[in-house]
Structure formats: C-alpha cells, structure tokens
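**Student:** Structure incoming, see below.
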Amino acid sequence: MQEINELLHVIKSLPQSAGIYQYLDKNGKLLYVGKAKELSKRVKSYWRFTPTLKPNPNQSLRILKMLDEVVSLEYIVVSSEHDALILENSLIKQLNPKYNILLRDDKTYPYIYIDESEDYPRFEITRRVIKGRDIKYFGPYSIGARDIYDSIYELCQLVQKKSCLKGKKACLYQQIEKCLAPCEGSISVEEYKKIVAKGVSYIQNKKTLLKDIEQKMLFYAQNERFEEAATLRDRIIRIQKSEIKSSIDVMSSENYDIFALAHSEKKAVMMQMFMRDGKIISSSSTNINLLYGADVNELYSRSIVNFYGNEKPPIVVDVLCYDNFDEKGVISEHLTNLFGKKVKIISPQKGVKRELTQLAFSNAKELLIKKKEQSQEVGEALKELCSLQRVPLRVETFDNSHMGGTAPVGAMVVYDDNRFEKESYRLYHLKALDEYAQMRETLTRRVESFEKNPPPDLWVLDGGRTLLLLAQSIIESCGVNLDVIAISKEKIDAKSHRAKGRANDEIHTINDSFKLQPSDKRLQFVQLLRDEAHRSAIGFHKKSKLKLDKQSKLLHVKGVSEAKVKKLLLHFGTFEALKKLSVEEIAEVLNMSDALKIKEVYSDRD
C-alpha cells in the first residue's frame, strides 16, 4: 500500500513539461521508457484514480501487463519533445526495457557518389555526406552497392585508383585497357565526361548494367578465364537481389523513402523501399520480435527514428508510410531539425503514392509469411526452465582463450532468427591474464557498445557460477534489462571433467543449476551456442598467437630473450604499441642495449 501511495504521489506531482518517464518493478528493474510532450498528461493517461490507483483498461495487452508490474516511476525533464524523442531512443537501445520494442537494424546504407567539379572524376562509395558543391549521389543501396561500383569500373575505362592521376604516367590499367590514361593527357575532359555519363546510365538503369556484365561474363568464360567469369556471375546475382519489380507508373522523377509494416502476434517486418528519380532502386527489411502483440504507432515511430539515426543522409527526401500513425508530426519535426531541411511524413490513401506503399506492404507481408513463426519451441522451453524475461530469440555467447596468459582473446558469437549471424560476431584482444578478469574485460567492452549495438535477449557464458555472478554484477551496474545463463561441465570430486562420457553439461542461472539429459533439446541448443563461441575464441587465439610468435622470434634473432619479450608485453600490451615507443621508453623497462636492438628490428621492417 505504501508503494502505491508513493507511486500516486509521483504521478500527481509530475510537471507539465516535456521529458521521458521510466516505469520500474519491485526489484528496481526497468520495465518501460516513454517520452511525452507533457509528462503529467501523458503518464496520467495510463491510470484510473478512483476509487484507488488502477491501470486504465483502454490500453494494449502489453501495456496492461507492464502496468501490473509497476511499483515506481522516475522521470527526466528536457527542453522539448524533440529532445525527449532522442533521449527515449538512446535509453531504450542501451537499457533494453522489458516492455519496449527493441530495434537492432540501425546500420547506415551506402551511396555511390561522384564529384563533378573534377576534370577526371571517379565514382566512390560513402555512408556520409561529402563536402563539396558538385557532389552527385546515387542510392542508398541495401545490398549491391559494391557490386554496382565494381561493375562500372569493369565496363568503363575510368581512372581506376585515386592515386593514378598523381603519377603523370600511364600504368598497368592502360595496358589491360581499363583506363585511357588521362594522367598523360591521352583523353580530353569532354571525352572523359562521356564515359562518366555512361557510368551514370548504368547506375540509373540496372537492366542495361546486368546485360553488359553478362556479356562480359560470357566473354571471360569463352576465353577460359573461369575465375573472373564466376566473380561476375556472383555479382549479377547480388545486383538482381536488390531489385523490386514494379509496374507502377510514376510519371515524374520523384524521390521517397517508403515504410510499410506487416505483423503477427509475435513477429513484425518493417519494409523500407527507396525511390529515386521515379524508380525503386533498392529495398531492405527489418525483422522485429514482439512481446504481447504489435503497437503500430510505436513500431513506425521507433523504426523511422532508428533508421535515420543521428546524422543527415546524403539525400534528404519525404517519407511515405503505409499506415497512418499518431506521431507523424513529432517524427517529421525531429527529422527536419536533424537534417536542416523540411521532411514530410505522408500516409497516402489514394493515387500513385498509395500504390507505392501498398507495394512495400505486399513485400513486407510476403517476408512475414516466409518467417512462419519459426520454431520458437526450444526458446519457449528454455525461457520456462531458466525463468527468463523473454523468449531468447537473439542470443550472444561469450568465451575466452589464452595459453599461459599469452595472446588472451575474447569472442562473442550471435545467434538470431534461427541462424548464427556471423556479421555480428566480435573478437577482442584482451589485456587481462586470468580467466575471471578476461571475462570481465570482454563483457565490459560489450556493455560499452550497447548504445551503438543494443543488448540481446540473453547472454550465455562458457563457465560456471563464478562467471555468471560476475556477468550479473556487470549487468546490474549499468542498469540494463538482460538475462544471463552459463554452461559448464558438472563437477566430480570438485573437478570439472571435460572427457567425453565422464560428465554432463550443467546449465546455471542465478538461482538454480540444471542437469539435463544429453538428448534434451534445451541443453543441445545451449551446447550449440557454447561450442560456436569456443570455436571462434580458439581460432582467433591461434591467429593471435601465431602473429605474436612471429614477432617474438624476430626479436629473439637480435638477442632479446623470451622472458624480456614477455616483460615488454606485460608492460606495454602489444607489439603494435612497442613499435611506436622511443628507445628511451623501452630502456625504462629493459636496458639501453636491448632497446636499441628492438628499435633496429622495427626500423629494418619499415
């Protein structure tokens, strides 16, 4: 009763200012972060105040479940709704509140650009705005940017490298007929511009580009240059994947970013399509895991804010959305402030613009059907066994590896959407020498990247309860909402046995340990994650150790003993750091004679 009275007092004393509010449970865990133009009005809309404080029944199932767990409320006042939007997005990413929708796909997409102020310009790739008045951009491309770029240089005799014009002399590229040597004045500026125009036409017309690349591929194949032919074949496939076929007739050369949402109770797909000069040039999609159904307003708001991030894109355009949603106004204002240019968010109900959003929705719906609500059975069973807050759809698994304290490394592998997401793996060079300190360093570095790369549903550690408690303390210290479990060999006579058949794996939570049968799908799933992390850590350690051994042997040749090399590494961390030191700095750890030998080694290598 006291807690309810305290919560009621905070709610009634909220200011009529913009800000963010945070709902917490009885253990002080963050349940939900929201923003408000007026804190008092927004938070009060969640509740009924007579005869006692109760949740407003006119809420979604997700919000009602959240309110049932709420015990306390905290808030932060900011100067505007725009600032509240930015702070809300940042906190959700970092802290992973239980009842917020978490979006992880916040990568920036590449553009192809050319600086038309130059006499002999080159096409380049960028993800940022390039300084210059005559920069022309093409994109963005979700996939295929590098393939389009490489294809242009395969088909057009352009300046192939930035450094070519500086040489003032024709190089190998002229001999193999990939450049017309403007460095020697062999082609006029006017003639070169015609080749640039051909490159631009390839970007704007993929059908022509694919046709000419295919002809080049056949040429290579007929001349038994099979490796080059295979490279072009793969390139064609990737460029084709980036296309969305459309029969919609857009009479003008309009530019739009198009968003459309399709969802079920447990999954959502947000489709993004990019129209430039009246043509759909590329598309991408974001898969979203849901808890207790979809909130269309929140999904659109978070998706659009997340998609654009905090930087102005090279091309600023208006946004078309398949659904109308409440926060179009504040999101539009946010993007206008961010980009320094008016951005409209439109939910068209008829005409060509509606056809475009319908096309995006059809593609989102198709992707959602393909997802099939893929077997969440093991995840559901693991959630129940380990009392997890969420079904663990995205999991990060950690392991460390070293040899007697030499070349310590950490590895993080990511499992998401029923596959290992290798592009999200992370490998860490570590300074710590013992297993406990190494895991602390690995996990701390991961936590520090939460704002850029949000936390998953679950952490899995290769280790026992000691490491589990370490991870839990790190999680609690940063306030993030994240489950963690560990897997280790059961102890026999106080020793952990790793020999096959001697002992089973145990799954540990903060409160329990579980010895499951080898045939148990939950155990097999966690073992799969642990084994992949172990493989990744061991492989990285071997590479790191080999590199260290090579450098160490190099120093041994000059008479610097292994013990002295180890002393240096313990003091300075890496060979890379050692390279940059002065003779005097090295001599402070060893002696002047050895310091001179070491500097001689690196001088010879340079």
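**Student:** For PHE361, what is the net charge nearby, where nearby means another residue's Cβ is under 14 Å from its Cβ and Lys, Arg count +1, Asp, Glu -1? Numbers along the way, then the final one.
**Tutor:** Details: positive: LYS353, ARG354, LYS365; negative: ASP323, GLU355, GLU366.
Neighbour charge sum, excluding PHE361 itself: 0.
**Student:** How big is the stretch 203-344 by the Kirkwood estimate over distinct Cα pairs, in Å? Provide the component values of the computation, followed by the final result.
**Tutor:** Working: mean 1/r = 0.0564 Å⁻¹.
Over the stretch 203-344, the inverse of the mean reciprocal pair distance is 17.7 Å.
**Student:** Using the Kirkwood radius over Cα pairs, work out the Stokes-Einstein diffusion coefficient for the stretch 39-164 at 10 °C and 1.306 mPa s, in µm²/s as a whole number. Mind dumping the intermediate values first?
**Tutor:** On the way: Rh = 19.8 Å.
Result for D is 80 µm²/s.
**Student:** Report relative contact order for the chain in percent, whole number only (criteria: Cα-Cα under 8 Å, sequence separation at least 6). Don't skip to the end; give the middle numbers.
**Tutor:** Values: 1017 pairs, mean separation 58.8, N = 606.
Answer for the chain is 10 percent.
**Student:** How big is the charge dipole of the chain about its Cα centre, in debye rounded to the nearest 20, if each Lys and Arg gets +1 on its Cβ and each Asp and Glu gets -1 on its Cβ?
**Tutor:** On the way: 97 positive and 84 negative charges, 137 e Å.
My answer is approximately 660 debye.
**Student:** Pairs to check: LYS267/LYS521; LYS98/LYS383; LYS193/LYS341; LYS131/LYS353; LYS564/LYS599. Give those whose C-alpha atoms are more than 25 Å from each other in this structure.
**Tutor:** On the way: LYS267/LYS521 23 Å; LYS98/LYS383 14 Å; LYS193/LYS341 31 Å; LYS131/LYS353 32 Å; LYS564/LYS599 14 Å.
As for pairs spanning more than 25 Å Cα to Cα, those are LYS193/LYS341; LYS131/LYS353.
**Student:** Counting only heavy atoms of protein chains, what accessible area per residue, in Å², does the chain have with a probe of 1.4 Å? Present the calculation step by step, with values, prior to reporting the outcome.
**Tutor:** Numbers: 30960 Å² over 606 residues.
Result: 51 Å² of accessible area for each residue.
**Student:** I'd like to compare 304-315, 155-166: which one has the highest average count of other Cβ atoms within 10 Å, and what's the full order after that? Each step should come with its number before you reach the end.
**Tutor:** On the way: 304-315: 18.2, 155-166: 16.4.
Packing order, densest peptide first, comes out as 304-315, 155-166.
**Student:** Quick one: Cα centre-to-centre distance for the stretch 12-85 and the stretch 226-295, in angstrom?
**Tutor:** Cα centres, the stretch 12-85 to the stretch 226-295: 36 Å.
**Student:** For the stretch 356-482, how big is the tail of P(r) above 24 Å, as a whole percent of Cα pairs? Present the calculation step by step, with values, prior to reporting the outcome.
**Tutor:** Numbers: 3111 of 8001 pairs.
Pairs farther apart than 24 Å: 39 percent.
**Student:** Net charge near SER72: determine it from the other residues with C-beta under 12 Å of the C-beta of SER72, scoring Lys and Arg +1 and Asp and Glu -1.
**Tutor:** Details: positive: LYS26, LYS29; negative: GLU3, GLU6, ASP25, GLU69, GLU74.
Summing Lys/Arg as +1 and Asp/Glu as -1 gives -3.
**Student:** Taking N as the number of residues in the stretch 122-195, what is its Cα Rg relative to 2.2 N^0.38 Å? Mind showing how you got there, number by number?
**Tutor:** On the way: Rg = 13.6 Å, N = 74, 2.2 N^0.38 = 11.3 Å.
Here the Cα radius of gyration is 1.21 times the empirical estimate.
**Student:** Let me ask another. Quick one: what Rg and Dmax do you get for the stretch 273-392 from the alpha carbons, in Å?
**Tutor:** Rg, Dmax (Cα atoms, Å): 17.4, 54.
**Student:** Relative contact order for the stretch 8-157: what percent, with Cα pairs under 8 Å and sequence separation of 6 or more?
**Tutor:** 21 percent
**Student:** What lysines sit close enough to LYS216 to cross-link, taking a C-alpha to C-alpha distance under 20 Å and skipping anything fewer than 8 places away on the same chain?
**Tutor:** LYS178, LYS198, LYS206, LYS207, LYS241
**Student:** Specify which residue in the list PRO57, MET592, VAL43 is farthest towards the positive end of the charge dipole of the chain, using unit charges on the beta carbon of Lys, Arg (+1) and Asp, Glu (-1), about the Cα centre.
**Tutor:** Value: MET592.
**Student:** Another question about this same structure. With a cut-off of 8 Å between alpha carbons and a minimum separation of six or more residues, what is the relative contact order of the stretch 1-65 in percent? Display every interim value, and only then the final one.
**Tutor:** Numbers: 70 pairs, mean separation 16.7, N = 65.
Answer for the stretch 1-65 is 26 percent.
**Student:** Still on this structure: Simple spin-label model, 7 Å along Cα-to-Cβ: ASP25 to LEU172 in nm?
**Tutor:** 6.2 nm
**Student:** How far apart, in nm, are the 7 Å Cα→Cβ label points at SER60 and SER253?
**Tutor:** Between SER60 and SER253, the label points sit 4.1 nm apart.
**Student:** So for the chain, taking the charge dipole from beta-carbon charges (+1 Lys/Arg, -1 Asp/Glu), which of MET439, GLY351, TYR202 sits furthest toward the positive end?
**Tutor:** Positive-end residue among those listed: TYR202.
**Student:** Still on this structure, please answer the following. How are the alpha carbon pair distances in the chain distributed across 20 Å bins from zero to the largest one, expressed in percent?
**Tutor:** P(r) for the chain, in whole percents per bin: 16, 39, 37, 9, 0.
**Student:** If you take all C-alpha pairs in the stretch 5-109, what percent of them are over 21 Å apart? Before the final figure, lay out each step's value.
**Tutor:** Values: 1871 of 5460 pairs.
Tail of the P(r) past 21 Å holds 34 percent of the pairs.
**Student:** Give me the one-decimal nm value for the distance between modelled label points at LYS161 and GLN222, 7 Å along each residue's Cα-to-Cβ direction.
**Tutor:** 3.1 nm
The values are calculated or read from the model by the stated rules, or taken from the named source; none is laboratory data. No experiment lies behind these values; they were computed from the predicted model shown. Cβ coordinates were reconstructed from backbone atoms using ideal geometry, including for glycine residues, and neighbour counts include every protein chain displayed. All accessible areas refer to the heavy atoms of the entire protein, side chains included, with ligands and DNA or RNA removed. Shrake-Rupley method; radii C 1.70, N 1.55, O 1.52, S 1.80 Å.
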